Amino acid sequence: MYPKLILQKGRERPVLLGHPWIFSGAVLTGPQASEGDIVAVCDHKQQLLAHGFYSPASQIRCRLFDFSSQTSARFGDDYWKHRILQALALRRPWFDPEHTNAYRLMHAEGDRMPGVIADAYDQSVVVQLLIRGSERLLPILASTLNEAGFKHLYLKQKSITRHIEGLQQESGWLTPPPPIYPITIREHDCLFEVDPVGGQKTGFFLDQRENRWLVGQYSQKRRVLNAFSYTGGFSVYALKGGATSVDSVDSSQPAIDQAQHNAQLNNLQKNHRTITADCFDFLKQSKPSEYDMMILDPPAFAKKASAVPNALRGYKELNLEAMRKIAPGGLLFSFSCSQAIDPLLFRKMLFGAAVDARRQVRLLHYLGQPADHPVDIGHPEGEYLKGWLMAVD
Ligand code: SAH
């Protein structure tokens, strides 16, 4: 039996419904355990409910990965190897590496592996371990991924979470790096260079893959603005889809340089322009009707619930300016990747912007995260990426 974390009376219900987080306020007595230890979560009558990783210093005191109530359960290497292979087996049949060889292999709570993010880039995997409990899985992760045919493994640790969660591992290659670096990946037959070491997140925003494809379907003969372009993901698809021009705008110079290079890699540089600028300023200075397609994919403005009001003001300002400026009959792709802003709140913000812009706005497609970023049905917070394709008349 693992050390017991006993819940306050009445606080077992979310666990019974499959919610994977135990907040500090729900704990009656904490376990005799250290950061990252596996603990047994019990109701106030000491009935076993689930197992999770213990984080004594975090608001989320325990992150659950197993909801079976068998007291004999053991979570050794065999258990984790099976879980890792299950995550791989779910995704691999979906992707033909001839066309797409970059996708998310493990998506934390979405795979009931809290704190584990793993993205495959061709034969390399970039792993982020966000809590001490998941950090302890590194040896079994490394050996299982290697057996599954991935030759190169890079561990990318975030400095902020390192501080809060007491992480011990440094970022670095755990195998020799790939012989050709940066890594060139294929996504729906588009080519991109990915730099996990110097790039943002694990190197590429794989969660926008299917939305990028959709942009390609709608971009023919359109003058496109890709705001917050990063390395030009949406831009390459828009150019390939027949856009007459594409402007990629981002405040990061390395991202902009890479965007230019990615357009060249696909032989699509002819109608591509890159601009290093703040997107709020850029949109304000843009001329009315200069673009008939716009993509707004800003970073998460609300990293926590208390930041939501300010974040909403930022989203509204951005969308209002875009709705004011876009040419009649324009197509606006607008996203938010803030977990704290739920889909309904995002839609209300768009409604407010449409009213203030005095334009007719029609919702065409709801846009979310792709299947390799699954949401556990008991964990609505996992649905972080949301967006709409709108027609603005
Ligand atoms: N759409 C991209 C991912 C965008 S990530 C893709 O499909 O790959 C968000 C980007 O916004 C980052 O590249 C970051 O550098 C940029 N960014 C953040 N704040 C910005 C601002 N105020 N103006 C311009 N770019 C900004």
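Before moving on, here are some points about what is shown:
- Partner lysines whose Cα lies under 20 Å from the Cα of residue 270, excluding those fewer than 8 positions away in the same chain, are identified as 221, 240.
- Available extension along the chain between residue 300 and residue 46 is 87.5 nm, counting 0.36 nm per residue and deducting the alpha carbon span.
- Theoretical FRET efficiency, 1/(1+(r/R0)^6), r = Cβ-Cβ of residue 89 and residue 189, R0 25 Å, to 0.05: 0.50
- For the range 293-393, trypsin sites (Lys or Arg not before Pro) meeting the loop criterion (DSSP other than H, G, I, E, B) and having at most 14 other Cβ atoms within 10 Å: 303, 304, 358.
- Partner aspartates and glutamates for residue 348 [C-alpha distance under 18 Å; skip if fewer than 8 residues away on the same chain]: 297, 317, 321, 356, 383
- With kT/(6 pi eta Rh) evaluated at 20 °C and eta = 1.002 mPa s, and Rh the Kirkwood radius from Cα pairs, the range 77-183 diffuses with a coefficient of 152 µm²/s according to Stokes-Einstein.
- Spin-label pair residue 146/residue 221, simplified geometry with 7 Å Cα→Cβ offset, distance in nm: 5.7
- Converting phi to 3J(HN,Hα) with the Karplus coefficients 6.51, -1.76 and 1.60 and the offset θ = phi - 60°, the range 367-372 yields 10, x, 8, x, 4, 7 Hz in sequence order, with x at every glycine or proline.
- Surface composition of the range 205-392: carbon and sulfur atoms hold 53% of the protein heavy-atom accessible area at a 1.4 Å probe.
- When the alpha carbon gyration tensor of the chain is reduced to an equivalent ellipsoid, the three semi-axes, largest first, read 39, 26, 17 Å.
- For the range 274-348, alpha-carbon Rg relative to the globular expectation (2.2 N^0.38 Å, N residues): 1.14
- Candidates 178, 139, 343, ranked by Gaussian network fluctuation over the chain, Cα under 10 Å, top entry: 139
- Rounded accessible area per residue of the range 1-122, 1.4 Å, Å²: 45
- Of the trypsin sites (Lys or Arg not before Pro) in the range 1-108, the ones in a loop by DSSP (not H, G, I, E or B) with at most 12 other beta carbons within 10 Å are 9, 45, 74.
- Global geometry of the range 171-315, whether rounded, prolate or oblate, following the gyration tensor of its Cα atoms and the 1.5 cut on a/c: oblate
- Shown in residue order for the range 278-290 are the 3J(HN,Hα) couplings computed by the Karplus curve 6.51 cos²θ - 1.76 cosθ + 1.60 at θ = phi - 60°: 6, 5, 4, 4, 4, 5, 4, 8, 6, 7, x, 6, 6 Hz (x for Gly and Pro).
- Full extension of the chain between residue 348 and residue 158 gives 65.1 nm of extra length, using 0.36 nm per residue less the Cα-Cα distance.
- Neighbours of residue 26 by Cβ distance under 11 Å: Lys/Arg scored +1, Asp/Glu scored -1, total +2.
- Residue-wise HN-Hα couplings along the range 200-214, as the Karplus relation 6.51 cos²θ - 1.76 cosθ + 1.60 with θ = phi - 60° gives them from phi, are 7, 6, 8, x, 8, 8, 5, 5, 9, 3, 6, 6, 4, 4, 5 Hz; Gly and Pro carry x.
- Summarising the label geometry, the points placed 7 Å from Cα in the beta-carbon direction at residue 75 and residue 17 lie 2.3 nm from one another.
- For residue 226, neighbours were defined as the other residues whose beta-carbon sits under 11 Å from its Cβ, and their charges (Lys and Arg +1, Asp and Glu -1) total -1.
- Shape category assigned to the range 4-66 from the gyration tensor of Cα positions, a/c cut at 1.5: rounded
- Cut-off 11 Å between beta-carbons: net charge of the residues surrounding residue 143, Lys and Arg +1, Asp and Glu -1: -1
- Shape class of the range 232-375 from the Cα gyration tensor (axes a ≥ b ≥ c, square roots of the eigenvalues): prolate, since a/c reaches 1.5 or more and a/b is larger than b/c.
- For the pair residue 213 and residue 276, the difference between a 0.36 nm per residue extended length and the Cα-Cα distance amounts to 20.2 nm.
- DSSP loop GluC sites (Glu not before Pro) with at most 12 other Cβ within 10 Å excluded, longest remaining stretch of the chain: 171-393
The values are calculated or read from the model by the stated rules, or taken from the named source; none is laboratory data. Here the structure is a predicted model, which is why all the values come from computation and not from measurement. Glycine gets a Cβ as well: all are built from the backbone with ideal geometry, and neighbour counts include every protein chain shown. Surface areas here come from the heavy atoms of the whole protein model, side chains and all, with no ligands, DNA or RNA. Shrake-Rupley method; radii C 1.70, N 1.55, O 1.52, S 1.80 Å.
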